[in-house]
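One structure below.
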Amino acid sequence: MVSDLEPIISAATIDYHYGKHEQAYIDNLNKLIDGSKYADMSLEAIIRESDGALFNNASQAWNHIFYFFQFSNAGLKEPCGKLAERIDEDFGSFDEFKKKFEEAGATLFGSGWVWLSSDEQGKLYITQGKNADNPMKDGLRPLLVFDVWEHAYYLDYQNRRAEYLKRLWEIVDWDLICIRYGN
C-alpha cells in the first residue's frame with residue numbers, strides 16, 4: 001500500500017513520483033527499444049551498453065525501481081553481517097557512513113542520485129550521480145540509493161533536501177541491502 005512509507009514519504013509523493021513519473025520512463029523506454037537490438041536485453045544490459053535517450057530512460061526506470069523497493073517500515077534498521085563490518089572498515093562507523101552519504105546527497109548540485117555501491121572485492125563507495133547516472137556504468141554493484149531529484153522530496157519537504165535525506169534512514173530495509181551485498 002502506498003501509505004506504508006508515511007510519514008517519511010507521503011502517499012501523494014509515491015503516487016506522483018512512482019505512479020506517474022516512473023511510468024513515463026518505462027513508457028518511453030518501451031517505445032525506444034521496440035524493434036531494436038535492445039528489445040530482448042535485460043534492463044541492466046541496456047544501461048551498460050546504451051547512451052543518449054535510451055540510456056536516460058532505461059537508467060531512470062531502473063534507478064526508480066531500485067529506490068522504491070529498498071524501503072520498508074518493517075525491515076532491519078541497521079546493516080548486518082559482512083556489510084556492517086565493511087561499513088565500519090571503509091567509513092569508520094555506521095553513523096559516519098550515514099553522515100558522508102547524507103553529505104554527498106545534500107551537496108550534489110542539481111538533480112541526481114547518491115549511491116552506495118561495491119566493487120568485485122566488496123569495497124564500498126559513496127558516489128554522486130547526476131541525472132540518470134548509474135554506478136553499473138563504472139563496473140560497480142549498486143546496493144543503496146537515495147533520489148535527490150526535487151520530485152522525490154519537494155511535496156513532502158519543499159527545499160529541505162538534507163532533512164529528507166536524514167529521514168530516509170527510518171525506512172531503509174537493511175535486510176535487503178545486506179542481501180544485495182552478499183550477506
Take L43, L83, L76 and sort them by solvent-accessible surface of the protein heavy atoms, 1.4 Å probe, largest at the top. L76, L43, L83
If I histogram all Cα-Cα distances within the stretch 67-173 using bins 10 Å wide from 0, what percent of pairs lands in each bin? 15, 48, 33, 4
Would you tell me the accessible area of D175, worked out with a 1.4 angstrom probe on the heavy atoms of the protein chains, in Å² to the nearest 10? 70 Å²
Counting trypsin sites (Lys or Arg not before Pro) as exposed when in a DSSP loop with at most 15 other beta carbons within 10 Å, what is the longest stretch of the chain free of them? 78-122
Relative contact order of the chain (C-alpha contacts under 8 Å, at least 6 apart) in percent is 28 percent
About its Cα centre, the chain carries a charge dipole, from +1 on Lys and Arg Cβ atoms and -1 on Asp and Glu Cβ atoms, whose size in debye to the nearest 20 is 220 debye
Under 5 Å from the placed amide H of L144, counting only residues 5+ away or on other chains, we find L116
First compute the accessible area of the chain with a 1.4 Å probe, then give the percent of it belonging to carbon and sulfur atoms. 51 percent
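Quick check for me: using +1 on Lys/Arg Cβ and -1 on Asp/Glu Cβ, what's the dipole size of the stretch 1-106 about its Cα centre, in debye to the nearest 20?
Roughly 180 debye, rounded to the nearest 20.
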Skip the ligands, DNA and RNA, and give the accessible area per residue of the chain with a 1.4 Å probe, whole Å². 49 Å²
The farthest towards the positive end of the charge dipole of the chain, of the residues G182, L29, S50, given +1 on Cβ of Lys and Arg and -1 on Cβ of Asp and Glu, is S50
Under 12 Å between alpha carbons - lysine pairs in the chain that sit 8 or more apart or on different chains: 4
Just to confirm the filter: which chymotrypsin sites (Phe, Trp or Tyr not before Pro) across the stretch 79-146 are DSSP coil and have at most 11 other Cβ within 10 angstrom of their Cβ? F109
Residue by residue, what Karplus-based ³J(HN,Hα) values in Hz, rounded to whole numbers, does the stretch 132-139 have, using 6.51, -1.76 and 1.60 with θ = phi - 60° and x for Gly and Pro? 9, 3, 9, x, 4, 5, 9, x
Give, as a single signed number, the net charge of other residues whose beta carbon lies under 10 Å from the beta carbon of R141, with Lys and Arg counted +1 and Asp and Glu -1. -1
Distance between the stretch 107-174 and the stretch 26-95 - C-alpha centres, whole angstrom: 10 Å
Dipole of the stretch 111-183, Cα-centred, from +1 at each Lys and Arg C-beta and -1 at each Asp and Glu C-beta, to the nearest 20 debye? 160 debye
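The values are calculated or read from the model by the stated rules, or taken from the named source; none is laboratory data. Everything numeric here is computed off the predicted structure, so don't read it as measured data. Methodologically, a virtual Cβ is constructed for each residue, glycine included, from the backbone with ideal geometry; neighbour enumeration extends over all protein chains shown. Surface accessibility is based on the protein's heavy atoms, side chains included, excluding ligands, DNA and RNA. Shrake-Rupley method; radii C 1.70, N 1.55, O 1.52, S 1.80 Å.
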